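A.B. asks: Quick one: this structure, given as structure tokens, is what I'll be asking you about.
The values are calculated or read from the model by the stated rules, or taken from the named source; none is laboratory data. Computed from a predicted model, the values in this text were never measured in an experiment. Using ideal geometry, Cβ is built from the backbone for each residue, glycine included, and neighbour counts are taken over all protein chains shown. Note: accessible area is taken over every heavy atom of the protein model, side chains too, but ligands, DNA and RNA are not part of it. Shrake-Rupley method; radii C 1.70, N 1.55, O 1.52, S 1.80 Å.
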Amino acid sequence: MDGYSRLVAYLKVLLPLTALALMSTVFLLSRGVETDAVIPFAQKDLKDRTSGQQITAPFFSGTTIQGDEIMVTAQSARPGGTNGPATAIDLQAEIRMAEGGTIHVSSDIGELRPEKEIASFRGDVEILSSDGLRVTTQELNAALNGVKADSPGPVEARGPIGTLTAGAMEIDTKTENGPVHMVFNKGVKLLYDPQQSER
């Protein structure tokens, strides 16, 4: 028998043995794999996700007759039932006014009523205007079809002229096509800070 024939004869025995060894290794390794994998969600998250319908990152936008742009977003929203409002988490709104300037509103939670064109912000509501005014309150009801909102509870505002507190606030235009104003009422107190106004 020459060298080539001898090599072929060895390979006929060696290759099947090698294949058998590889298959045995695969089966042995598969026994050590953990089959009870943990789903990367907490039980509460799974319960919340499966307990009802949920919309992720809802978005609403519109333009008023005056040309003001209104955009409302949220981290998530859940339908409120037959006649109830949709509840939203991390509710945000941005108003870009036609004559210039913006107002940004944010809150921890809120309610959306598109059929009534109303968005209600609840819990640590913050209102930022492009002229440097920062207003905080616990509740703000805003229209979705125009630049109009009101806070029925106490508000605190900080801006270029100082710190202001009031029992309520309204965002509205005094005339049909006039500029947007923030009107504070019900026991308004202003702590004037001349140094802040110069910054």
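A.B. asks: Can you give the extra length, in nm with one decimal, that the chain gains between Ser61 and Ser5 once fully stretched, where that is 0.36 nm per residue apart less the Cα-Cα distance?
C.D. replies: This chain segment gains 12.1 nm when fully extended.
A.B. asks: Taking a probe of 1.4 Å, how large is the accessible area per residue of segment 72-186, in Å²?
C.D. replies: Ligands and nucleic acids excluded, the figure is 50 Å² per residue.
A.B. asks: Per residue, how big is the convex hull of segment 57-128 when only Cα atoms are used? Give it in Å³. It would help to have the intermediate numbers written out before the result.
C.D. replies: On the way: hull volume 5.3 nm³, N = 72.
In segment 57-128, the Cα convex hull volume per residue is 73 Å³.
A.B. asks: Nothing charged except the Cβ atoms of Lys and Arg (+1) and of Asp and Glu (-1): what's the magnitude of the dipole of segment 78-185 about its Cα centre? Round to the nearest 20 debye.
C.D. replies: 40 debye
A.B. asks: Towards the positive end of the charge dipole of segment 68-161, with charges on Cβ (+1 Lys, Arg; -1 Asp, Glu), say which of Ser130, Ala86, Gly146 has the farthest Cα.
C.D. replies: Result: Ala86, furthest along the dipole toward the positive end.
A.B. asks: Please report the net charge: other residues with Cβ closer than 12 Å to the Cβ of Arg134, K and R +1, D and E -1.
C.D. replies: Once positives and negatives cancel, what remains is -2.
A.B. asks: Out of the trypsin sites (Lys or Arg not before Pro) in segment 120-178, which ones are loop residues according to DSSP with at most 14 other C-beta atoms within 10 Å?
C.D. replies: Loop-located and lightly packed - Lys174.
A.B. asks: What is the sum of charges around Arg96, taking Lys and Arg as +1, Asp and Glu as -1, for the other residues whose C-beta is under 13 Å from the C-beta of Arg96?
C.D. replies: My count for the surroundings of Arg96 gives -4.
A.B. asks: Please give the length that would be gained between Leu133 and Tyr192 if that part of the chain were fully extended, namely 0.36 nm times their separation in residues minus their C-alpha to C-alpha distance (nm, one decimal).
C.D. replies: 19.9 nm
A.B. asks: Also, I was wondering about something else. Assuming R0 = 22 Å, what is the FRET efficiency of Thr163 and Glu126, from their Cβ-Cβ distance, to the nearest 0.05?
C.D. replies: 0.90
A.B. asks: Once amide H atoms are placed 1.01 Å from N in the peptide plane, what residues at a sequence separation of 5 or more from Ile109, or on another chain, have their amide H within under 5 Å of its amide H?
C.D. replies: Asp90, Leu91, Arg122
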